[in-house]
1. Taking the alpha-carbon centroid of each part, what is the distance from the stretch 136-154 to the stretch 41-114 in angstrom?
2. Ile211's amide H: which non-local residues (gap 5+, or another chain) put their own amide H closer than 5 Å, with H modeled 1.01 Å from N in plane and none for Pro or chain starts?
3. When the solvent-accessible surface of protein heavy atoms is calculated with a 1.4 angstrom probe, in what order do His37, His90 fall, highest first?
4. Suppose every K and R has +1 on its Cβ and every D and E has -1 on its Cβ; what is the size of the dipole of the chain about the Cα centre, in Debye to the nearest 20?
5. How much accessible surface does Tyr254 have with a 1.4 Å probe, in Å² rounded to 10?
6. Between helix 161-171 and the chain, what is the angle of the helix's C-alpha long axis to the longest principal axis, kept within 0 to 90° and rounded to the nearest 10?
7. When every alpha-carbon pair in the stretch 1-277 is counted, what percent end up more than 35 Å apart?
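The values are calculated or read from the model by the stated rules, or taken from the named source; none is laboratory data. Computed from a predicted model, the values in this text were never measured in an experiment. Positions of Cβ are backbone-derived with ideal geometry, glycine not excepted, and every protein chain shown enters the neighbour counts. These area figures cover heavy atoms from the full protein model, side chains too; ligands, DNA and RNA do not enter into them. Shrake-Rupley method; radii C 1.70, N 1.55, O 1.52, S 1.80 Å.
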Amino acid sequence: MILQLLIDSALLGGLYALLALGLVLSFGVTNILNFAHGEAIMLGAYGAFWAFTLWGIDPLLSIPIMLVVGFGAGFVCFRYVIERSLDAPHLNQILLTFGIGLILQNAAVLAWTGDLRSANPSYSMAAINLAEVFIPVGRLLTFTVAAALAAILYMWLTRTEYGRASRAIAQNERAAKLMGIDTRFVYSLVFAISIAVAAATGAALSSITTITPFIGFHLLVKAFAIMVLGGAGSISGAVLGGVLLGLLETTVAYYVPEGSGWAEGVAFVALFLFLLIRPQGLIGTRVHG
């Protein structure tokens, strides 16, 4: 039971880390809380579902497509909508992104109704049995995708010119401007990457969970909880926060009577407690790997 608990926790934690990666990166650099992040994941899931249903493209193979589409959509959205609110109060920014999320949610309802959908590739219900320990193949593949994206983001932040520029802006925007960094372009780039990661997350989720136009808010709450747990602005913090939340939820599901229902409330409890006790999170708030 302990080994199965740890495996299930790790796989769920990888999934949760994937939910928060884009949100953590965007908030850490632009300082804008994107309340439409969940809807970006939802649209990525629908994109992978329709690619699988109409053309037989495996959801995992559609991840590069969702990355490209999400990047383009995020860049355009920031340049023509979000950028206008950079100097506005945070409440205005929150209301703007919340409004974008509502528009995307209702557009999805009009386009695809509220029916439950899910891509069902051959591995979605498969499991590997190792000495009475079961490893769901779908979640294992999602965990692999999460690890790969986290590693790519870490390398981008630490090894590339624009990654280092993003970290400089997060630490001191005024000093970064004096050093000649085009902060508006970097903001656009970072926001586009965050939406690309969100769309890829949706594609990875499409084969292991049901998809509706309303899943965005549920996923957004999980992402916020993970960001608070790990520390807003830390990629490694997002991974750590995701694993911690996955461990907490799995433990509750295993050992608390009717724990599967109670596990859904763990994210709210963890979010509340960390905001009271350690609001800077486990690792901190500065953008880093």
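1. 21
2. Arg117, Ser118
3. Values: His37 5, His90 100 Å².
The ranking, largest first, comes out as His90, His37.
4. On the way: 13 positive and 13 negative charges, 165 e Å.
Around 800 debye, computed over the chain.
5. Its accessible surface works out to 70 Å², give or take rounding.
6. In the chain, helix 161-171 runs at an angle near 80 degrees to the longest axis.
7. Values: 5688 of 38226 pairs.
Within the stretch 1-277, distances greater than 35 Å cover 15 percent of Cα pairs.
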